[in-house]
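Asker: For reference, the structure I am asking about is given below.
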């Protein structure tokens, strides 16, 4: 399975994982990452190393559990919005 096909949840516990973009590396295995809303967090990236600024990661409990390409990371919010409304009908007037 490619990293682009990874669902936004932890494969072990099922909790939500968050797609993030790597902003900078500190050289100790931590990366400053940012979500689509500009919120930032330090994330452990040893499991998915090597990563570079601009790379996408899927993070759960402060740890990157999968890599996402920048293209997949940029496309994810639009796809998630489409899934959120799949099957819903427009309100009747």
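Asker: Looking at the structure I just gave you, is residue 25 buried (at least 16 other Cβ atoms within 10 Å of the Cβ) and at pLDDT below 95?
Answerer: So residue 25 fails the test.
Asker: Examine the range 44-56 for a residue that is surrounded by 15 or more Cβ atoms within 10 Å (Cβ to Cβ), assigned to a loop (DSSP other than H, G, I, E, B), in contact with a strand residue (DSSP E or B) (Cβ under 9 Å, 6 or more places away or on another chain) and modelled with pLDDT under 90, and state whether such a residue exists.
Answerer: Taking every residue of the range 44-56 in turn, none turns out to be surrounded by 15 or more Cβ atoms within 10 Å (Cβ to Cβ), assigned to a loop (DSSP other than H, G, I, E, B), in contact with a strand residue (DSSP E or B) (Cβ under 9 Å, 6 or more places away or on another chain) and modelled with pLDDT under 90.
Asker: Please enumerate the residues belonging to the range 57-93 that are modelled with pLDDT of 50 or more and at positive phi.
Answerer: 61, 62
Asker: Between residues in the range 25-36 that are at positive phi and assigned to a loop (DSSP other than H, G, I, E, B) and residues that are at pLDDT 90 or above and surrounded by fewer than 16 Cβ atoms within 10 Å (Cβ to Cβ), which pairs lie under 8 Å by C-beta distance while being six or more apart or on different chains?
Answerer: 29/46; 29/49
Asker: Another question about this same structure. Can you give me the number of residues within the range 25-49 that are under 15 Å from residue 63 (Cβ atoms) and touching a helix residue (DSSP H, G or I) at 6+ places or on another chain (Cβ under 6 Å)?
Answerer: 1
The values are calculated or read from the model by the stated rules, or taken from the named source; none is laboratory data. As the structure is a computational prediction, the values presented were derived from the model and not from experiment. Backbone-built Cβ (ideal geometry, glycine too); neighbour counts: all protein chains shown.
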